[in-house]
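The values are calculated or read from the model by the stated rules, or taken from the named source; none is laboratory data. All figures in this text were calculated on a predicted structure; none of them were measured in a lab. Cβ placement follows ideal geometry from the backbone for every residue including glycine, while neighbour counts extend to all protein chains displayed.
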Amino acid sequence: MNSLAHKILYTEDHADTRELVSFVLRGCNCEVTLADTDDKALLLARANQFDLYLIDNWTAGGSGIELCKKLREFDPSTPILFYSGAAYDSDKQEAFASGAQGYLTKPVDNDDLVEAVFHLISKAKSAFEGKENMVTSPPRSIR
């Protein structure tokens, strides 16, 4: 992968979903690191720098909410996007309260997933560089 690739840590316990999503994102110049448990995700996040954390709300040996909180303990700025089958408004509110910037409910169109990923990465990079955010509102898919 070239140095311009976006680095994403994707935590998902369902192997088929993990492979499909990583295939889609790799096709859009993303370098995707996979974790199937919260513990693996935390080890990878502490040892590497990522542009985005993509996490499921239900994970093996934990929950996306707890993983999000733990990530925020040592990384307050990397955007977190939930990609989950948990569709209740309370699930989304809890994710945002734990530190997430976006929430997509499965299933979602691949284009909407890619749009949400690139939007959050762009927004975070703009904030980091001290530039005004070029996008005035989030895409409809992550609201």
Can you say whether LEU54 is touching a residue at least 40 places away in the same chain (Cβ under 8 Å), closer than 24 Å to PHE128 by Cβ and buried (at least 18 other Cβ atoms within 10 Å of the Cβ), as far as the supplied structure shows? yes
Any idea how many residues of the range 43-60 are assigned to a loop (DSSP other than H, G, I, E, B) and more than 17 Å from ALA127 (Cβ to Cβ)? 3
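Please pick out the residue among PHE96, PHE118 that is out of contact with any Pro (no Cβ under 8 Å at 6 or more places or on another chain) and within 18 Å of LYS7 (Cα to Cα).
That would be PHE118, the only listed residue that is out of contact with any Pro (no Cβ under 8 Å at 6 or more places or on another chain) and within 18 Å of LYS7 (Cα to Cα).
Rundown of residues vs (1) surrounded by fewer than 19 Cβ atoms within 10 Å (Cβ to Cβ); (2) at pLDDT below 95, yes/no style:
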| position | (1), (2) |
| --- | --- |
| TYR83 | no, no |
| PHE96 | yes, no |
| TYR103 | no, no |
| ASP112 | yes, no |
| ALA116 | no, no |
| ILE121 | no, no |
| PHE128 | yes, yes |
| SER137 | yes, yes |
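Using the structure shown, decide if ASP39 is surrounded by 13 or more Cβ atoms within 10 Å (Cβ to Cβ), assigned to a loop (DSSP other than H, G, I, E, B) and either modelled with pLDDT of 95 or more or not polar (S, T, N, Q) (or both).
no
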Among the residues of the range 61-98, the number that are part of a helix (DSSP H, G or I) and either under 14 Å from the mean Cα position of the chain (by Cα) or of a type in the set (D, E, K, R) (or both) is 16
Within the range 99-112, tally of residues that are in a helix (DSSP H, G or I) and among the polar types (S, T, N, Q): 1
Provide a single number: the residues in the range 1-36 that are hydroxyl-bearing (Ser, Thr, Tyr), farther than 14 Å from TYR83 by Cβ and at pLDDT 95 or above. 1
What pairs come up if the first residue lies in the range 84-110 and is closer than 22 Å to PHE74 by Cα, the second is surrounded by 11 or more Cβ atoms within 10 Å (Cβ to Cβ) and among the basic types (Lys, Arg), and their beta carbons are under 6 Å apart, counting only those six or more places apart or on different chains? SER98/LYS69; GLY99/ARG72; TYR103/LYS92
Filter result (in a loop (DSSP other than H, G, I, E, B) and not aliphatic (A, V, I, L, M)) within the range 1-36: ASN2, SER3, GLU12, ASP13, HIS14, GLY27, CYS28, ASN29, ASP36
